[in-house]
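Trainee: This is the structure I want to talk about, given as structure tokens.
The values are calculated or read from the model by the stated rules, or taken from the named source; none is laboratory data. Since we're looking at a predicted model, the values are computed, not measured. Glycine also receives a Cβ, built like all others from the backbone with ideal geometry; neighbour counts cover every protein chain displayed. Areas reflect the complete protein model, heavy atoms only, side chains present, ligands, DNA and RNA absent. Shrake-Rupley method; radii C 1.70, N 1.55, O 1.52, S 1.80 Å.
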Amino acid sequence: MLEWVKKALITGITGQDGSYLAELLLSKGYEVHGLIRRSSTFNTGRIEHLYQDPHAEGTRLFLHYGDLSDASMLARLMARIAPDEVYSLGAQSHVRVSFDAPLYTADVTGLGTLRLLEAIRESQVPCKFYQASSSEMFGAAPAPQSEITPFYPRSPYGVSKVAAFWYAVNYREAYGLHVSNGILFNHESPRRGESFVTRKITRGIARILAGKDQNIFLGNLEAKRDWGYAPEYVEAMWLMLQHAKPDDFVIATGETHSVREFLDCACGLAGLDPVEVYRRDDRYYRPTEVDVLLGDASKAKNELGWSPKTAFQDLVKLMLASDLEQLGLQIPFEIPADTLDWRARYNLVR
């Protein structure tokens, strides 16, 4: 008798979260299918260590070209794969960019989720669905923010994520689908995109130490965020779809730190003066700013058994260490022994 293998479909599999989630699911014996956009350049660096010959025996990772703007393709793909779990991670996910490309952000980040939900409904595939919601939906809402905090988005990205959240809730209630929203606060790692502020800081420090740059150009240093470690957050995604009842969960550390604190911590670890390396660049300021994001993940702890494990300073260490190694530089501090195996993960995708 053939052993039944769970199948998962991940949109946004080439991103930070998608790559960590693919690793997690493969380690649990899943057959993993990923949706990637066709382009003139390859963007599979984060998952190349997972990808084998799709025709080889034992292959459990399969990539499919497609786009969240193509509803008919999504319906065909859903019917063909018939996944047990769908993880909706694909999006235009850069908040500042969403001000420059609001219509594209709404189409991919908001309507892309609706197209996926419709593909499930029309194909009648009995799968569980995870929607990657965001703390940016809270925007100007008072902190701390939990599942019952009213949304007050302050960017086209945040507005689009609110729309996707309510699409997910509506399909859960209208059609009885197993749909869960994970309202994830900021989560970082060595795989974070280089245009995001945390990675701009750690990569910028590494380049300064390597003699390649002299300064780091940043926007608002006073914005406060709840920063966690991405591999731990994708585990929370998986736990939501193992939960008997579909629901909405905030995933956060319960601590807030400013961009200035992140810069000061990283510079301190590298022996640099933050005043000397920082340069203000008004292009990185948002038209409407989100001052404080601070999550209350009590519900996730009580119902899913999830809690964060990596402290703020350790997260900064992990990211800075990987950027230093990438440029062949020595790491002048100790890496916490109880963190996930970041070096093995990073070297595989460097």
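Trainee: How far apart, in nanometres, would the label points at E255 and Y104 be if each is projected 7 angstrom from Cα along the Cα-to-Cβ direction?
Mentor: So the two model labels end up 3.6 nm from each other.
Trainee: Restricting to DSSP H runs of at least four residues, report the calculated mean residue ellipticity at 222 nm for the chain, -39500 (n - 2.57) per run over all residues, nearest 500 deg cm²/dmol.
Mentor: -11500 deg cm²/dmol
Trainee: May I pose another question? Can you give the angle from 0 to 90° between the axis of helix 156-175 and the longest principal axis of the chain, with both taken from C-alpha atoms, to the nearest 10?
Mentor: 30 degrees
Trainee: Quick one: helix 112-123 against the long Cα principal axis of the chain, what's the angle to the nearest 10°, folded into 0 to 90?
Mentor: The answer is roughly 20 degrees.
Trainee: For region 117-157, what are Rg and Dmax over the alpha carbons, in angstrom?
Mentor: 14.7, 41
Trainee: I need the calculated FRET efficiency for the pair K28 and Y175, taking r as the beta carbon distance and R₀ as 30 Å, to the nearest 0.05. Intermediate results must be reported in sequence, preceding the final value.
Mentor: On the way: r = 28 Å, r/R0 = 0.92.
That gives a FRET efficiency of 0.60.
Trainee: Can you compute the FRET efficiency between E289 and K245 using 1/(1 + (r/R0)^6), with r the Cβ-Cβ distance and R0 = 30 Å? Round to the nearest 0.05.
Mentor: Computed FRET efficiency for E289 and K245 comes out at 0.25.
Trainee: Right, another one. With springs only between Cα atoms under 10 Å, which of T310, T14, T288 fluctuates most in a Gaussian network model of the chain?
Mentor: T288
Trainee: Also: Roughly speaking, what is the stretch gain from R80 to Q214, that is 0.36 nm per residue apart minus the C-alpha to C-alpha distance, in nm to one decimal?
Mentor: Taking 0.36 nm per residue and subtracting the Cα distance, the gain is 43.0 nm.
Trainee: Which value, in Å², gives the accessible area per residue of the chain when a 1.4 Å probe is used on the protein heavy atoms?
Mentor: With the other protein chains kept in place, the chain gives 45 Å² per residue.
Trainee: Output the pairs from K6/K317; K7/K245; K245/K301; K128/K299; K128/K161; K28/K161 with a Cα-Cα distance over 25 Å in this structure; if there are none, say none.
Mentor: Checking Cα-Cα distances, K6/K317; K28/K161 exceed 25 Å.
Trainee: Of the accessible area of the chain, with the probe set at 1.4 angstrom, what percent is carbon plus sulfur?
Mentor: 50 percent
Trainee: Please give, to one decimal in nm, the separation of the simple spin-label points placed at K309 and D282, each 7 Å out from Cα toward the Cβ.
Mentor: 4.6 nm
Trainee: Let me ask you something else. Pick out which of G182, G90, G29 has the largest mean-square fluctuation in a Gaussian network model of the chain, springs linking Cα atoms closer than 10 Å.
Mentor: With Cα springs under 10 Å in the chain, the top fluctuation among G182, G90, G29 is at G29.
Trainee: Which FRET efficiency, nearest 0.05, do V275 and A140 yield, Cβ-Cβ r, R0 30 Å?
Mentor: 0.50
Trainee: Here's another thing I want to ask about it. Quick check: the angle from helix 259-270's long axis to the longest principal axis of the chain, C-alpha only, nearest 10 degrees?
Mentor: Roughly 60 degrees between the two axes.
Trainee: Which three lengths, in whole Å and largest first, does the chain cover when its Cα atoms are put on their principal axes?
Mentor: That gives 61, 47, 42 Å along the principal axes, largest extent first.
Trainee: Under the 0.36 nm per residue contour assumption, what length would be gained going from the current alpha-carbon distance of H94 and R121 to full extension?
Mentor: 6.8 nm
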